[in-house]
Amino acid sequence: MMMPWQRSVQALWKYRYHLLFLCAGVTAAALTQLPQLRVSNSLDMWYPRNDPALLQYQQFQQRFGSDEIVIIAITSATDFDTDAGVEQVAELTDQLFYVDGVANVSSIATVPLTLREARERLLSDDGRTTVLLVQMTGGDDLESRRHDILVDLAAVLRENQWPAHFAGYGVIYDSLNQASTEGSALILAAAHLVMFVLLSAFFRRIGPVVVTLLAVSVATIWTMGLYAALGQQINMVTMVVPTLVLVIGIADCVHMLRSVARQPLNVDRKNRVINGIAAVFGPCLLTSLTTAIGFLALTLSDLPVVQNLGLFGAIGMLAAFLAACSIVIVSLSFSWAEPVAAESFLDAAAVRLCVIGECYPRTVIAVFMLLVGIAGVGLARIETDTYSIAYLANDHPARLDSDFIESEIGAYAPIDYVIRADNVLAGNVLDSLQKWQQAVRDIEAIDWSWSLLDALGVGRDIRPSALPEGEIRAALVRMRLLSPVTANAMIVAQEELRVTFAAPMMSARSVQSLLMEIQARAEFPAGTTVQAAGYANLYTRIVDRIVRSQIAGFATALGLILLVIAIATRSRKRTLFAVPANLIPIAATLGLMGWIGIPLDVATATIASVILGLIVDDTMHILRPARQTDDDLSLTITSSIRRSGGSLLMTSLVLCGGFMIMGLAEIRSLAWFGLLTSFAMLTAVITDLLLLPALARLACVPGSCSGRASGDAPTISLSAHP
C-alpha cells in the first residue's frame with residue numbers, strides 16, 4: 001500500500017534535476033536583487049501612510065520646516081565666548097551651511113548679542129564647549145540622504161581639526177541603521193558557524209551538514225531577494241527575517257535526512273529516499289504551513305514593519321520547505337549526503353523525558369502549573385516602552401556623544417507644541433504663552449523653552465500685551481527680512497505658533513508623561529488650542545501601538561494555528577492538548593521578561609506571535625494524526641516521541657544555538673529577542689516531551705488505553721525506534 005504523499009515525493013524524485021536547475025535560476029535572480037537592500041530605522045515606518053498621527057507630523061514639517069536637527073558640540077582649550085572664539089565658530093558655521101542637504105545652521109555666531117539667554121544655551125559653563133544646530137533640508141528622500149549628510153558634516157569638522165560630538169534623533173537612527181547593517185552580516189556568519197558545529201556533532205558526517213546549510217541558505221537568498229525586489233527596507237524588526245529563515249529551515253532538512261537514514265539498507269536508494277521523505281513530508285508541510293500562518297497573522301497589525309515581518313516571515317518559511325524538498329532529494333541521490341543511521345543520545349534523552357511524563361503525570365503537571373504561576377507574576381511586571389538610544393550599547397559613540405552634550409551643554413531633545421488661534425499675535429494669547437513657558441520651565445525635566453517671544457527678545461518681566469501696539473508685528477517683519485528660516489520655524493500666517501521645550505533623552509513612556517504634564521499647565525483664552533506636535537509626539541504614540549500589535553497579532557495567530565491543528569489532527573482532544581503545550585513556553589518567556597526588566601519595545605513587540613509560530617512545529621510532530629483513536633492517544637504520543645523525539649531535540653538545540661547568536665547583535669533589543677527566543681525554544685521542546693505524555697496519561701480512559709488501566713505503569717521502551 002502506497003504511503004500518503006508518496007506520489008508527490010515520487011514526482012519530486014523523477015524531476016529532481018529539473019528542480020535543481022529551477023532552484024539555481026531562482027537563486028541567481030534573487031542574488032541580483034540583494035545589492036538593492038537598504039536599511040532604515042526611521043520612526044515613520046511604524047505608521048501607515050494615511051495614519052492621522054503621521055499626517056499631522058508631516059503637516060507640522062511642511063508648515064514649520066524640517067525638525068531634523070543635528071547637534072554638533074565642539075571643544076577648545078580657550079573660551080568660545082570671545083571675539084576670536086566667535087570668529088572661529090562663524091567660519092565653521094559658514095562651512096557647515098554649504099554642505100549639501102543643510103538648510104540652516106545656528107550658533108553663537110548667528111544669535112544676536114541681545115539674546116543673551118539663547119547664546120548661553122549654546123555654551124558650556126566654562127565656555128570651552130559650544131554647540132552648532134544644523135537643520136537638514138526636509139523631503140521624502142531625507143532618510144536615504146541622512147547618512148551622507150552626516151558623513152559630510154564630520155568631514156568638515158575633521159578638516160578643521162575640531163574635536164566634535166554629534167547628537168540628535170537623526171544621529172541615533174543613523175547609528176541604528178549602521179548597526180543593523182554591520183550586525184546582520186556578523187550574525188549570519190556566526191549562525192552558520194554555530195549550526196555547522198552542532199549539525200556536525202549530530203549527523204556525524206559532513207555531507208548532510210553541507211546539504212542542510214545549502215538548503216537554508218538558498219531559502220534565505222530567495223526570501224531576501226524578493227524583499228529587495230519589492231523595494232522594502234531592512235529595519236531592527238525585519239532584520240531578524242534572514243536569521244529566522246536560516247535557523248528554522250533546518251528542521252525540515254533534519255527530519256527528511258534522518259527519516260531516509262532509518263530506512264532499511266537492503267532497499268535500493270531510490271525507494272529509500274522516496275519512502276523516507278514520504279514518511280515525514282506531510283508533517284513537515286503541515287508544520288511549515290502552521291509556522292507561516294503564525295507569521296501571516298502579523299500582517300493584520302496596523303504597523304507596517306510588523307506587517308512586513310509577518311509577510312516575509314511566512315514567505316521565508318514556505319521557501320525553506322521548498323528548498324529543503326528540492327535540495328535534499330537531489331543530494332540524497334548520492335550516499336555521501338545521508339547521515340549516520342545510528343541512534344544518538346538525543347533519541348534516548350527524548351524517550352527518557354517521555355517516560356518521566358508518563359510515570360509521574362501529576363507531578364509533572366504540578367511543576368508546570370507552578371511555572372505558570374511564577375510566569376504570571378513576571379507577566380504582571382512587564383512594561384511596554386521604547387527608548388531609541390538605549391538600543392545602542394553604553395559605549396557606542398552616539399551614546400557617549402549624547403551624554404557629553406547633555407553634561408556640558410544641557411538637554412537637547414525637542415518637545416514641540418503648536419498654538420492655534422485666529423490671531424496668535426493678540427496680546428492675551430502672547431501673555432498666556434509667556435505664562436505657560438514660565439510654568440513649564442519649573443518642571444524638573446525641562447531645561448529651556450523657545451518661542452517667538454524669545455526670538456524677538458521679549459523679556460520675561462515684560463507682558464507682551466503691555467508693549468506698544470504694533471511693536472511685535474514690526475519686530476516680526478524685521479526677523480522675516482533678516483532670518484526668514486527662523487521666522488518660518490516660529491509662526492505660520494499669524495494663525496499658528498510653535499513652542500519648543502528641551503528635555504533630556506528619555507523613553508517613550510517618560511516623554512508621554514511629560515507631554516501630559518506640559519499640556520496640563522497650558523491656560524489660554526477661549527478659541528485657542530494647544531496641541532503636541534513634532535517628533536516627540538509621534539514617538540510617544542508608538543507605545544500604545546506596540547500593545548495593540550502584540551495582543552491582536554498573538555490572538556489571531558493562536559486562533560489560526562489551533563484551527564489548523566484541529567483540521568489536521570481531526571481531534572478535539574489533541575487540539576486541547578496543544579493549547580498548554582504552546583502557551584506555557586510563551587508565558588514563561590514573557591514572564592522572564594517581566595522578572596529581569598526587559599520591556600516590550602519596537603523589536604520585541606512581536607515576540608509572542610513569532611515564538612508561537614516556531615514552537616508549534618514540535619507539537620505538531622508529536623500530535624500528528626495516527627491510526628490510533630483518541631482513546632489510544634497516550635500510546636500515539638509515546639510512539640511519536642520514540643520515532644521523532646531525537647530529531648525534535650536536535651532541531652530545537654540547533655535553533656537555540658542559532659538564536660543565541662543574535663545575542664551578539666549590537667542593537668540591544670535584537671540581542672534580547674534572540675536570547676529570549678532561544679529560551680522559548682528550549683522551554684517548548686521540554687514542555688512537549690514532558691507535558692504531552694503526562695496530559696495524555698491522565699486523560700486516558702480507564703480500561704481503554706491500549707489495554708492498560710490509567711493507573712498502570714507505562715510499558716514504553718527506552719529504544720528510540722520500534
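The values are calculated or read from the model by the stated rules, or taken from the named source; none is laboratory data. On a predicted model such as this, the values are computed, not experimentally measured, just so you know. We place every Cβ from the backbone using ideal geometry, glycine too, and count neighbours over all the protein chains shown.
Mind checking which residues of the stretch 150-179 are in a helix (DSSP H, G or I), touching a residue at least 60 places away in the same chain (Cβ under 8 Å) and hydrophobic (A, V, I, L, M, F, W, C)?
Residues satisfying the conditions are Leu150, Leu153, Val156, Leu157, Val171, Ile172, Leu176, Ala179.
When you look at His165, is it at pLDDT 95 or above, under 32 Å from the mean Cα position of the chain (by Cα) and farther than 22 Å from Leu453 by Cα, yes or no? Give the steps one after another, and end with the answer.
Numbers: at pLDDT 95 or above: yes; under 32 Å from the mean Cα position of the chain (by Cα): yes; farther than 22 Å from Leu453 by Cα: yes.
Yes; evaluated as a whole, the condition is true for this residue.
Consider Ala588 against the criteria (1) modelled with pLDDT under 85; (2) within 30 Å of Ala179 (Cα to Cα); (3) hydrophobic (A, V, I, L, M, F, W, C): it satisfies all of them except one. Which criterion is unmet?
Answer for Ala588: the failing condition is (1).
Answer yes or no: is there a residue in the stretch 360-371 that is in contact (Cβ under 8 Å) with a residue 24 or more places away in the chain, closer than 30 Å to Thr636 by Cβ, surrounded by fewer than 17 Cβ atoms within 10 Å (Cβ to Cβ) and hydroxyl-bearing (Ser, Thr, Tyr). Walk me through it before giving the result.
If we filter the stretch 360-371 for residues that are in contact (Cβ under 8 Å) with a residue 24 or more places away in the chain, which is where we start, we get 360-362, 364-365, 368, 371.
From what's left, closer than 30 Å to Thr636 by Cβ: 360-362, 364-365, 368, 371.
Then drop every residue that is not surrounded by fewer than 17 Cβ atoms within 10 Å (Cβ to Cβ), which leaves 360, 362.
If we keep only those that are hydroxyl-bearing (Ser, Thr, Tyr) too, we end up with 360.
Checked against the condition, which is being in contact (Cβ under 8 Å) with a residue 24 or more places away in the chain, closer than 30 Å to Thr636 by Cβ, surrounded by fewer than 17 Cβ atoms within 10 Å (Cβ to Cβ) and hydroxyl-bearing (Ser, Thr, Tyr), the stretch 360-371 yields at least one hit.
Picking from Val280, Val273, Val260, which residue would you name as being closer than 23 Å to Leu614 by Cα and either assigned to a helix (DSSP H, G or I) or at pLDDT below 85 (or both)? Walk me through it before giving the result.
Details: Val273 fails: closer than 23 Å to Leu614 by Cα; Val260 fails: closer than 23 Å to Leu614 by Cα.
After applying the criteria, what remains is Val280.
Is it true that Ser402 is assigned to a helix (DSSP H, G or I) and surrounded by 21 or more Cβ atoms within 10 Å (Cβ to Cβ)? Lay out the reasoning, then the answer.
Values: assigned to a helix (DSSP H, G or I): yes; surrounded by 21 or more Cβ atoms within 10 Å (Cβ to Cβ): yes.
Against the criterion (assigned to a helix (DSSP H, G or I) and surrounded by 21 or more Cβ atoms within 10 Å (Cβ to Cβ)), Ser402 qualifies.
Let's see how each residue does on (1) in contact with a Gly (Cβ under 8 Å, 6 or more places away or on another chain); (2) under 26 Å from Pro599 (Cα atoms):
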{"residue": "Arg480", "(1), (2)": "no, no"}
{"residue": "Val492", "(1), (2)": "no, no"}
{"residue": "Pro504", "(1), (2)": "no, yes"}
{"residue": "Ala522", "(1), (2)": "no, no"}
{"residue": "Arg548", "(1), (2)": "no, yes"}
{"residue": "Phe554", "(1), (2)": "no, yes"}
{"residue": "Leu560", "(1), (2)": "yes, no"}
{"residue": "Ile567", "(1), (2)": "no, no"}
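Answer with yes or no whether Leu456 is of a type in the set (A, V, I, L, M), in contact (Cβ under 8 Å) with a residue 40 or more places away in the chain and either surrounded by 15 or more Cβ atoms within 10 Å (Cβ to Cβ) or on the phi > 0 side of the Ramachandran plot (or both). If you could, list the steps in order and put the result at the bottom.
Details: of a type in the set (A, V, I, L, M): yes; in contact (Cβ under 8 Å) with a residue 40 or more places away in the chain: no; either surrounded by 15 or more Cβ atoms within 10 Å (Cβ to Cβ) or on the phi > 0 side of the Ramachandran plot (or both): yes.
No, not satisfied.
Give the residue, chosen from Pro525, Pro585, Pro599, that is in contact (Cβ under 8 Å) with a residue 60 or more places away in the chain and surrounded by fewer than 20 Cβ atoms within 10 Å (Cβ to Cβ). Talk me through it step by step, then tell me what you get.
On the way: Pro585 fails: surrounded by fewer than 20 Cβ atoms within 10 Å (Cβ to Cβ); Pro599 fails: surrounded by fewer than 20 Cβ atoms within 10 Å (Cβ to Cβ).
Result of the check over Pro525, Pro585, Pro599: Pro525.
Name the pairs whose Cβ atoms lie under 6 Å apart, with the first residue in the stretch 285-308 and over 23 Å from Pro48 (Cα atoms) and surrounded by fewer than 24 Cβ atoms within 10 Å (Cβ to Cβ), the second modelled with pLDDT under 85 and among the small types (Gly, Ala, Ser), and 6 or more positions between them or separate chains?
Leu286/Ala568
Please identify the pairs in which a residue from the stretch 428-446 that is not assigned by TED's automatic domain parsing to the domain that holds Asp416 has its Cβ atom under 9 Å from the Cβ atom of a residue that is surrounded by fewer than 21 Cβ atoms within 10 Å (Cβ to Cβ) and assigned to a helix (DSSP H, G or I), counting only partners at least 6 apart or on another chain.
Note: no pairs meet the criteria.
Can you tell me how many residues within the stretch 415-456 are over 21 Å from Gln62 (Cβ atoms), among the small types (Gly, Ala, Ser) and outside any helix (DSSP H, G or I)?
Residues meeting the conditions: 3.
Residue by residue, here is whether (1) within 29 Å of the chain's Cα centre (by Cα); (2) among the aliphatic types (A, V, I, L, M); (3) assigned to a helix (DSSP H, G or I) holds:
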{"position": "Ile637", "(1), (2), (3)": "no, yes, yes"}
{"position": "Ser652", "(1), (2), (3)": "yes, no, yes"}
{"position": "Leu655", "(1), (2), (3)": "yes, yes, yes"}
{"position": "Phe673", "(1), (2), (3)": "yes, no, yes"}
{"position": "Thr687", "(1), (2), (3)": "yes, no, yes"}
{"position": "Arg697", "(1), (2), (3)": "no, no, yes"}
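From the list Asp347, Asp302, which residue is part of a loop (DSSP other than H, G, I, E, B), farther than 21 Å from Gly225 by Cβ and among the acidic types (Asp, Glu)? Talk me through it step by step, then tell me what you get.
Numbers: Asp347 fails: part of a loop (DSSP other than H, G, I, E, B).
Every option except Asp302 fails the conditions.
Against the condition over 28 Å from the mean Cα position of the chain (by Cα), on the phi > 0 side of the Ramachandran plot and surrounded by fewer than 24 Cβ atoms within 10 Å (Cβ to Cβ), how does Arg272 come out, does it pass?
Details: over 28 Å from the mean Cα position of the chain (by Cα): yes; on the phi > 0 side of the Ramachandran plot: no; surrounded by fewer than 24 Cβ atoms within 10 Å (Cβ to Cβ): yes.
Judged against the criteria, Arg272 is not a match.
Pairs under 7 Å by beta carbon, first residue within 13 Å of Leu600 (Cα to Cα) and among the hydroxyl-bearing types (Ser, Thr, Tyr) in the stretch 663-676, partner crowded, with 19+ Cβ neighbours inside 10 Å and at pLDDT 85 or above, six or more apart or different chains?
Taking only residues 6 or more apart or on different chains, the pairs are Ser669/Tyr391.
Could you check Val102 against (1) surrounded by fewer than 20 Cβ atoms within 10 Å (Cβ to Cβ); (2) touching a Gly at 6+ places or on another chain (Cβ under 9 Å); (3) not small (Gly, Ala, Ser) and say which number it fails?
(2) is the only condition that Val102 fails.
Restricting attention to the stretch 223-238, which residues are assigned to a helix (DSSP H, G or I), of a type in the set (A, V, I, L, M, F, W, C) and surrounded by fewer than 24 Cβ atoms within 10 Å (Cβ to Cβ)?
Leu226, Ala228, Ala229
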